[in-house]
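All remarks here apply to the structure that follows.
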Amino acid sequence: MILKVNLLPYREARREKMIQTIFIAWGITALVGLGLIMFAKSSISSHIDSQIVTVSNQNKVIATLDAKLGEIKDINIRKKQVKARLVIIETLGLQRDLPVHLFEVISSSIPEKVWLKEISTKGNNLTIIGFTLSNAMVADFMRKLDSSIHISQVNLNNLAKVNIDKSNRKLREFKLSATIVVPAPKETDNKKKRGGK
């Protein structure tokens with residue numbers, strides 16, 4: 001006699017158990033994956049929030065620094081304006097004494113038997129008209145003027161014989177032109193010494 005065993009229910013039960021295990025594994029995997037996604041999303045969100053706070057703080061610092069930079073630029077502009085005014089004041093102070101120095105130079109340079117008729121200035125140009133007995137005295141006068149620090153480029157424009165009265169005494173009338181040397185402020189002198197920087 002042959003025994004017949006029906007294995008179908010056993011195989012079917014085994015297959016159902018295997019399907020159930022697979023579904024459980026997939027479910028656990030899905031739950032773990034979903035948990036990881038939620039954790040990553042939360043981590044990225046908190047990182048983004050901290051970066052937004054950091055950027056906001058840095059923008060506030062930049063705004064503060066921009067305000068200070070604007071103040072520094074204003075201070076630098078005012079500083080340049082004050083320096084320009086000081087240079088003008090110093091130049092005016094130096095030029096204030098210039099006429100006195102010019103008269104001192106001219107009076108100390110006049111040789112004997114040279115008489116001045118007119119001294120005039122126009123800008124930095126100086127014109128001197130006078131009389132003398134000889135050409136050598138005019139040359140000596142020109143040489144002394146040219147050696148001064150306040151006068152340069154002395155030129156003889158005209159030299160002519162003239163009668164000054166009815167006795168027919170002949171004098172030589174001369175006309176000199178020269179350039180007045182205007183003193184420069186000390187800061188300008190320092191810049192020239194340093195090569196104009």
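The values are calculated or read from the model by the stated rules, or taken from the named source; none is laboratory data. All figures in this text were calculated on a predicted structure; none of them were measured in a lab. Neighbour counts run over all protein chains shown; Cβ positions are idealised from the backbone, glycine included.
Points worth noting:
- Once region 51-104 is narrowed to residues that are under 30 Å from Leu145 (Cβ atoms) and of a type in the set (A, V, I, L, M), the residue that is surrounded by the most Cβ atoms within 10 Å (Cβ to Cβ) is Leu102.
- Number of residues in region 121-132 that are at pLDDT 85 or above and not hydrophobic (A, V, I, L, M, F, W, C): the value is 5.
- Cβ pairs under 8 Å, 6+ apart, first in region 23-40 and touching a residue at least 12 places away in the same chain (Cβ under 8 Å) and surrounded by 10 or more Cβ atoms within 10 Å (Cβ to Cβ), second in a helix (DSSP H, G or I) and β-branched (Val, Ile, Thr): none
- Of the listed requirements (1) in a helix (DSSP H, G or I); (2) more than 48 Å from the chain's Cα centre (by Cα); (3) surrounded by 17 or more Cβ atoms within 10 Å (Cβ to Cβ), Gly130 misses just one: (1).
- Hey, Ser109 surrounded by fewer than 10 Cβ atoms within 10 Å (Cβ to Cβ), among the polar types (S, T, N, Q) and in contact with a Leu (Cβ under 8 Å, 6 or more places away or on another chain) or not: no
- Restricting region 133-167 to residues that are assigned to a loop (DSSP other than H, G, I, E, B) and polar (S, T, N, Q) leaves a set whose member that is modelled with the lowest pLDDT is Ser167.
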